[in-house]
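See structure below.
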Amino acid sequence: MTAGVLATWPTDPRQRTRQEWEQVRTAIPGGEGLPSSVIKGRTRQAATFAKANGRLPVDVFELEGAPRVPRMLLLAACDRQQATIERSDTHPGRVLLRLQLPTRADPRSYRDWTWVACPITLPPTVPAGAVLHLPTLRVTGGKVRADVAYTHPVPKARRAGHTVAVGVDWGLNTLLSAGALRLHEDGRITALGAGGQFRAAGVLAKQHRLRRHSERLHAKADQYARLIDGRPDEHLTAKHELLGGEIRHVSERRSNLNDALAWAAARWTVDQAITARATVIYLEDLRSMEARGMGRTMNTRLSQQVRGKIVDRIRHLAAETGIAVVTVPARNTSKNCPHCLTPLRHCKAPDQPTVAGWKWAICPNQSCGWQGDRDHGAWRRIAARGLTHQAKTVTDKTSGNMVIRTVVDALEATAVVTPTTTSRRDRSKTGPTRHHTSRPAPRRRRAPSPTRPHGRAGKRPEGHAPTDRLKLPRAAHRHQGVTTISTPTIGHRPRGAALGAGFHLHAHATPPRWATISETQSAAGSLS
């Protein structure tokens with residue numbers, strides 16, 4: 001990619017023309033399916049190098065520093081004379097790895113090698129009939145870890161012939177919005193439920209805090225590097241090395257958080273498809289998603305989303321169940337109504353009027369009248385577009401992924417979701433709520449009152465207000481909550497509890513009566 005960007009360097013690195021975009025995508029292997037933000041990021045990196053050195057870099061080795069590669073032992077290229085892996089006949093979750101290792105640093109003959117047996121315990125996610133391949137050994141935290149690859153047969157996903165599909169729309173705080181649609185034989189498309197959302201605002205906020213922390217650490221490290229500037233200073237050098245270790249630690253935390261978020265979002269999406277018995281998942285094309293015009297903070301948060309990782313994980317998990325994953329163009333998915341294709345009007349959500357943003361969408365067409373979350377309308381448009389354009393699905397030769405490249409206007413006109421009318425019975429009240437019984441409930445409970453340790457009988461409210469009182473008793477406090485345990489005001493006694501009316505306007509709990517240790521022990525002795 002770096003060679004393609006340098007070979008077709010634009011006149012203005014900040015903004016390419018249409019012809020320059022075609023040239024750079026042609027020069028990059030697989031550039032047709034590459035997001036434009038990735039190409040722009042590599043262009044900015046080369047422009048920064050040219051500004052500092054007065055020339056463009058020769059290749060990627062001059063543009064970037066040496067990568068940090070951990071120590072690992074690749075066994076995939078070894079034959080059976082050097083390494084073997086076998087599964088246990090009695091326990092499918094146990095594997096024995098045998099490999100030849102040298103007994104000295106400079107082995108000179110076959111005698112300097114010996115066989116070493118390494119038992120491995122497989123996780124329960126590995127199928128019992130999977131074919132295991134030789135792993136890659138790496139040292140992590142003083143222990144040897146084995147990255148074992150395995151192969152097992154899965155159902156083949158088909159490109160067309162789908163009747164139930166799941167559409168997925170991307171967001172910022174609401175990371176994913178998804179739902180299922182059904183294509184009927186007469187061409188109608190109906191929604192299977194209201195859809196769901198995968199909210200990851202807390203995880204993304206933590207990722208944002210780690211990013212800002214990493215930026216501050218990099219700024220400090222650059223300042224220490226400028227202060228050292230070739231002059232030996234043990235104190236500054238020690239601080240610089242300490243900051244380097246902290247930067248690596250924060251980077252690992254960000255990477256682990258991204259991986260966990262990607263797997264969780266992908267698992268949720270595939271579970272939605274399995275539950276709806278869908279055979280295809282239509283995703284919004286990521287190439288057109290670019291962070292710009294929203295401020296520096298918002299642009300950075302959008303550009304550092306883990307969308308690429310989520311898509312890779314979705315393809316991996318969906319392939320295990322034979323579900324196809326197809327990307328569709330994202331043009332006007334949030335702009336038009338999913339029921340009539342009329343341009344929507346966006347406003348604040350009615351249940352969240354103080355939240356910033358235009359989250360709610362309303363269709364101005366009087367005959368339609370659809371309104372709802374704009375993300376829910378977007379996944380409906382994505383799934384409907386995929387179902388009507390499934391005959392246009394092709395397989396990318398470079399990546400092997402299924403894509404729908406263009407939108408046909410004639411097919412787009414039929415990509416509307418037919419609203420489902422639900423018939424509900426009339427629940428208006430036409431008679432008494434409670435049925436009359438021949439045996440009315442007693443006014444007082446027949447169970448005896450509980451006894452107290454001091455001999456006085458306990459009192460229980462009757463359960464009904466006195467018949468001679470017209471008004472209900474008021475609450476103990478004027479602004480008392482209904483879910484809190486209140487402490488009575490000093491010198492005040494709730495009138496309702498005093499008159500035995502049970503629960504009055506606002507229910508409150510009786511305050512506890514604390515007893516001393518001696519009284520408790522004497523009470524326990526008397527009860528025994």
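Assorted remarks:
- Selection status of P13, open to solvent by less than 60 Å² (accessible area, probe 1.4 Å), in a loop (DSSP other than H, G, I, E, B) and farther than 30 Å from L132 by Cβ: yes
- With respect to the conditions (1) over 26 Å from T327 (Cβ atoms); (2) of a type outside the set (D, E, K, R); (3) open to solvent by less than 80 Å² (accessible area, probe 1.4 Å), A105 falls short on a single one, namely (3).
- Pairing each residue of the stretch 349-378 that is open to solvent by 80 Å² or more (accessible area, probe 1.4 Å) with any residue that is in a loop (DSSP other than H, G, I, E, B), provided the two are 6+ apart or on different chains, yields C-beta distances under 8 Å for Q352/K359; W358/K348; S367/C340; Q371/C363.
- Checked against the criterion of being over 25 Å from T151 (Cα atoms) and either open to solvent by 80 Å² or more (accessible area, probe 1.4 Å) or in contact (Cβ under 8 Å) with a residue 40 or more places away in the chain (or both), the stretch 81-89 contains not a single residue that satisfies it.
- The criterion of being in contact with a Pro (Cβ under 6 Å, 6 or more places away or on another chain), in contact (Cβ under 8 Å) with a residue 12 or more places away in the chain, part of a strand (DSSP E or B) and of a type in the set (A, V, I, L, M, F, W, C) holds for A146.
- Yes/no for G93 being open to solvent by less than 70 Å² (accessible area, probe 1.4 Å) and either of a type in the set (A, V, I, L, M, F, W, C) or closer than 30 Å to P13 by Cβ (or both): no
- Among the conditions (1) open to solvent by 80 Å² or more (accessible area, probe 1.4 Å); (2) without any contact (Cβ under 8 Å) to a residue 60 or more places away in the chain, the only one that I120 does not satisfy is (1).
- Selection within the stretch 379-396 - open to solvent by 60 Å² or more (accessible area, probe 1.4 Å) and basic (K, R): K392
- The set of residues in the stretch 64-78 that are surrounded by 10 or more Cβ atoms within 10 Å (Cβ to Cβ) and part of a loop (DSSP other than H, G, I, E, B) comprises E64, L75, A76, C78.
- Taking the criterion of being modelled with pLDDT of 90 or more, within 28 Å of G31 (Cβ to Cβ), touching a helix residue (DSSP H, G or I) at 6+ places or on another chain (Cβ under 9 Å) and β-branched (V, I, T), the residues of the stretch 372-406 that qualify are T393, V403, I404.
- Scanning the stretch 29-57 for residues that are out of contact with any Pro (no Cβ under 7 Å at 6 or more places or on another chain), touching a residue at least 12 places away in the same chain (Cβ under 8 Å) and farther than 30 Å from V403 by Cβ yields L56, P57.
- Among the residues making up the stretch 85-138, those that are under 36 Å from the mean Cα position of the chain (by Cα) and polar (S, T, N, Q) are T121, T125, T136.
- Every pair of residues 6+ apart whose Cβ atoms lie under 7 Å, when the first sits in the stretch 325-341 and is within 13 Å of G167 (Cα to Cα) while the second is open to solvent by less than 10 Å² (accessible area, probe 1.4 Å) and part of a strand (DSSP E or B): V325/I281; V325/L283; V326/V280; V326/Y282; T327/L283; V328/Y282; T333/D169
The values are calculated or read from the model by the stated rules, or taken from the named source; none is laboratory data. Note that the coordinates shown come from a computational prediction; the quantities given were computed from them, not determined experimentally. Positions of Cβ are generated from backbone atoms using ideal geometry, with glycine treated the same way; all protein chains shown enter the neighbour counts. All accessible areas refer to the heavy atoms of the entire protein, side chains included, with ligands and DNA or RNA removed. Shrake-Rupley method; radii C 1.70, N 1.55, O 1.52, S 1.80 Å.
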